[in-house]
Amino acid sequence: MSVLPLVFTSGWASGVNAYAVVLLLGVFGATGLSDDVPETLQRPEVLVVAGVLFLCEAVADKIPYVDSAWDSVHTVVRPVAGAWVGALLAGQSGSLNDVVAGLVGGSTALASHTVKAGTRMAVNASPEPFSNIALSLAEDLGVGGIVAFAMFHPEAAAIIAGLLLTAGLVVLFFLISRIRRFRRRRAQRREEKQLAARMERPPG
């Protein structure tokens, strides 16, 4: 059986929460629930690091503006993680070329990361913090549920991930104006801080 559906799903999930993907896959492999997980992801040090970083993301992802800063840092991390996991899965399976798997996983992760980061910018334009918390919890549960589902039903999970990715891109298209407003407000706040700092300086 081709590992491509699992690579695609893990790529999508990595773009949303890469640490959760590594942690979940590692746990599935270490507990013997799946034979498709590479040994690298099951190593104790990998699980510990992924677990700690997952907890950090779980907190940062629920704080307005901190989540967008976190997303900016992970613009490279998530696609690289998606490509890495995809290549490992392909190497374990032997049914797909490692480079192809890396490209699929990385590009899918980049697309879903774009949706996540753009949506967060739009949500941060609202004054209340509850939207961030609700959206973050939905993302965490979605990633966990779909990755777990993919271990046993990879084709069906890939279809769900594809539909979610498509829907997210459509929603993001309609949120572009709100994202632009968010950037203008951020630039305005930066200018106000700089002006206030100049006014507070003593003369001379």
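Details
- Hey, Val170 in a helix (DSSP H, G or I), buried (at least 17 other Cβ atoms within 10 Å of the Cβ) and among the β-branched types (Val, Ile, Thr) or not: no
- Cβ separations smaller than 8 Å between residues 6+ apart or across chains give the following pairs from region 82-98 residues that are touching a residue at least 24 places away in the same chain (Cβ under 8 Å) to residues that are open to solvent by 30 Å² or more (accessible area, probe 1.4 Å) and among the acidic types (Asp, Glu): Leu89/Asp36; Ala90/Asp98; Gly91/Asp98; Gln92/Asp36; Ser93/Asp36.
- Every test in (1) small (Gly, Ala, Ser); (2) closer than 25 Å to Ala157 by Cα; (3) modelled with pLDDT under 95 is passed by Ala18 save one, and that test is (3).
- Residues of region 46-81 that are over 17 Å from Leu24 (Cα atoms), in contact with a Phe, Trp or Tyr (Cβ under 9 Å, 6 or more places away or on another chain) and without any contact (Cβ under 8 Å) to a residue 12 or more places away in the chain: Ala60 alone.
- Tally, over region 18-45, of residues that are free of Cβ contacts under 8 Å to residues at least 40 places away in the same chain and either touching a Lys or Arg at 6+ places or on another chain (Cβ under 7 Å) or not in a helix (DSSP H, G or I) (or both): 4
- Test: Lys193 is touching a residue at least 40 places away in the same chain (Cβ under 8 Å) and basic (Lys, Arg): no
- All of Leu141, Leu164 fail the test of being surrounded by 12 or more Cβ atoms within 10 Å (Cβ to Cβ), at pLDDT 85 or above and either in contact with a Gly (Cβ under 9 Å, 6 or more places away or on another chain) or assigned to a helix (DSSP H, G or I) (or both), apart from Leu164.
- Checking each residue in region 54-69 for being more than 20 Å from Gly86 (Cα to Cα) and open to solvent by 20 Å² or more (accessible area, probe 1.4 Å) picks out Leu55, Cys56, Ala58, Val59, Lys62, Ile63, Pro64, Tyr65, Val66, Ala69.
- Any hit, region 46-61, residues being outside any helix (DSSP H, G or I), at pLDDT below 95 and not aromatic (Phe, Trp, Tyr): yes
- In this structure, Leu96 qualifies as closer than 14 Å to Gly11 by Cβ, out of contact with any strand residue (DSSP E or B) (no Cβ under 6 Å at 6 or more places or on another chain), open to solvent by 20 Å² or more (accessible area, probe 1.4 Å) and not in a helix (DSSP H, G or I).
The values are calculated or read from the model by the stated rules, or taken from the named source; none is laboratory data. Nothing here was measured: the structure is a model prediction, and the numbers come from that model. So basically every Cβ, Gly included, is an ideal-geometry build from the backbone, and we count neighbours across all protein chains shown. Heads up: the accessible areas ignore ligands, DNA and RNA and are worked out on the full protein's heavy atoms, side chains in. Shrake-Rupley method; radii C 1.70, N 1.55, O 1.52, S 1.80 Å.
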